[in-house]
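Chemist: What follows is a single structure, and I will ask about it in a moment.
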Ligand SMILES: Nc1ncnc2c1ncn2[C@@H]1O[C@H](COP(=O)(O)OP(=O)(O)OP(=O)(O)O)[C@@H](O)[C@H]1O
């Protein structure tokens, strides 16, 4: 029997095939999009600290990845036999197919999302928290855009699989491409010719969507965005409107830690620490590695919850030790974190946002002004750290020192009463350390209240009004730099540390 080319070519104009192709696109797109949304929820459940929620999500994924789609389709389509009330919906092949596909794909896509979420660094959520952004806002503005970007190639691949899986829906009599082909060749026996037509329609759909999804990937890939140096224009902003409340409250300490205690397992990292920082003070925290410096500074804004003790901000209780209070009490004070800026060792800039976007994110979230005002504020802060010309660039286009300067501008944009620096130069190349220290020096000269955990001994001695020397979770020295110099001649531990660091 001769291969009938003219019949095959005629199939490309077949109304039935084009209509079936539309069904395939609708079914696959709907299944994919619904499974992306549900799968994301499932992935978040998998990462939940609530064991019941995490286990339930794990069980779902295990079950629906184990059951073949064909079985699930037959099950769903015949469900009205067991539950007649579902017949209005499930007796329609399209909806039965959609539900079966969504149930199955949600399990696969949840695992793709979990990979995406794992790829987002922990510091991203911490940076959001330090900017006073709520849990939902952190997911929406920071985590989800990054996780989706990581997951997109795998999600696109999954879409292609779904297109092909729709052929299984023929088993419940949905007129998709394969079923249309089967109906034709059972009448005319032109099996190969018809299957070639069927192949064409699948290849056509897959090709179109491969191209579209590639375009989307390119569009979302910030590493392809080349932000130009910008000539920064705009009116100079009157920053007075954004000045922190602290300026009018010089009479009381900006922040106080009372009887702060914290353990990690059996190790006591903070041992009954008391600390009181006044407006305008620059306090450097020094000490050997593992002495508790970072834990101390992170406990001041609640990134590391205290076990016991309390933190007062502008004289009012801000945080209480976990073991001294109920969680609900802690939550009420979250918004006040806005009064505390934080700069991290690893910058924690948001990679999916431009430099300007990084600085504008928190003021915008907190509704500090109109978009134009916030833009001016952000540019003013970038100008302050010498980064305004880089406003349109993305973090991956900047050196470490430049990224840290943007991180400082981001903290400044919330006009906090105090800024915490957690080893701001430790992750930098030696040649870029100086540019960051210069900015901190300038802030100190302007009277900004700061606490700086640092290993830069000379810088700490030069810039600080007070130095804390920590060892084994205790503050062993608290005084001005000159007093520390004198102590180092008497106290062997301080001398060893200072010489060790300098060496
Ligand atoms: N999340 C954590 N889980 C368990 N142990 C931790 C955690 N964070 C810190 N530690 C431990 O607490 C102790 C103090 O750590 P911390 O980072 O505060 O010290 P540090 O003085 O800042 O040290 P470095 O100068 O090396 O950064 C260390 O023994 C550290 O291993």
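Chemist: Which of 106, 432 has the fewest other C-beta atoms within 10 Å, and how do the rest follow up to the most?
Modeler: On the way: 106 24, 432 18.
Going from least to most buried by this count: 432, 106.
Chemist: Also, I was wondering about something else. Set the Förster radius R0 to 30 Å, insert the Cβ-Cβ distance between residue 74 and residue 18 as r into 1/(1 + (r/R0)^6), and round the FRET efficiency to 0.05.
Modeler: 0.60
Chemist: If you don't mind, another one. Using only the alpha-carbon atoms, how far is helix 430-445 inclined from the longest principal axis of the chain? Give it as 0 to 90 degrees, nearest 10.
Modeler: Value to nearest ten degrees: 60.
Chemist: If you don't mind, another one. Give the shape of segment 16-81 as rounded, prolate or oblate, defined through the alpha-carbon gyration tensor: a ≥ b ≥ c are the square roots of its eigenvalues, a/c under 1.5 means rounded, and otherwise the shape is prolate if a/b is larger than b/c and oblate if not.
Modeler: Oblate, since a/c reaches 1.5 and b/c is not below a/b.
Chemist: Further, regarding this structure: Helix 400-412: angle to the longest alpha-carbon principal axis of the chain, degrees 0 to 90, nearest 10?
Modeler: 80 degrees
Chemist: Could you grab the relative contact order for the chain? Cα pairs under 8 Å, six or more apart, rounded to a whole percent. Let's see the in-between values first.
Modeler: Details: 798 pairs, mean separation 76.4, N = 503.
Relative contact order comes out at 15 percent.
Chemist: Could you tell me what percent of the DSSP beta bridges with both partners in segment 334-479 are antiparallel, to the nearest 5?
Modeler: DSSP beta bridges in segment 334-479 are roughly 40 percent antiparallel.
Chemist: Would you calculate, for the chain, the mean residue ellipticity at 222 nm contributed by helices, counting each DSSP H stretch of 4 or more residues as -39,500 (n - 2.57) and dividing by all residues, to the nearest 500?
Modeler: Numbers: 20 runs with 268 residues, N = 503.
My calculation for the chain gives -17000 deg cm²/dmol from helical runs alone.
Chemist: Then there is this: Sort 390, 366 so that the residue with the fewest other Cβ atoms within 10 Å of its own Cβ comes first and the one with the most comes last.
Modeler: 366, 390
Chemist: Would you mind classifying segment 153-212 by shape? Square roots of the alpha carbon gyration tensor eigenvalues, ordered a ≥ b ≥ c; an a/c under 1.5 is rounded, otherwise it is prolate if a/b is larger than b/c and oblate if not.
Modeler: Judged from the Cα gyration tensor, segment 153-212 comes out oblate (a/c at least 1.5, b/c at or above a/b).
Chemist: Something else about it: I'd like the FRET efficiency for residue 465 and residue 5, computed as 1/(1 + (r/R0)^6) with the beta carbon distance as r and R0 of 60 Å, rounded to 0.05.
Modeler: Using R0 = 60 Å, I get an efficiency of 0.10.
Chemist: Could you bin all the Cα-Cα distances of segment 57-177 into 5 Å bins starting at 0 and give me the percent of pairs in each, rounded to whole numbers?
Modeler: 2, 11, 16, 16, 15, 12, 10, 9, 6, 4, 1, 0
Chemist: Something else: For the residues 79, 118, what sequence is obtained by ranking on other C-beta atoms within 10 Å, fewest first?
Modeler: Listed from fewest to most nearby Cβ atoms, that is 118, 79.
Chemist: Under a plain spin-label model, where a point goes 7 Å from the Cα along Cα-to-Cβ, how far apart in nm are residue 427 and residue 81?
Modeler: Calculated label separation equals 5.9 nm.
Chemist: Then there's this: Over the alpha-carbon set of the chain, work out the extent along each principal axis and list the three values in angstrom, largest first.
Modeler: Computed over the chain, the largest-to-smallest principal extents equal 103, 53, 44 Å.
Chemist: What is the antiparallel percent of DSSP beta bridges lying wholly in the chain, to the nearest 5?
Modeler: Roughly 55 percent of the DSSP beta bridges within the chain come out antiparallel.
Chemist: Just to confirm the number: angle between the C-alpha axis of helix 481-490 and the first principal axis of the chain, 0 to 90 degrees, nearest 10?
Modeler: 70 degrees
No lab work stands behind these numbers, since they all come straight from the coordinates. Since we're looking at a predicted model, the values are computed, not measured. As a convention, Cβ positions derive from the backbone with ideal geometry for all residues, glycine included, and neighbour counts pool all protein chains shown.
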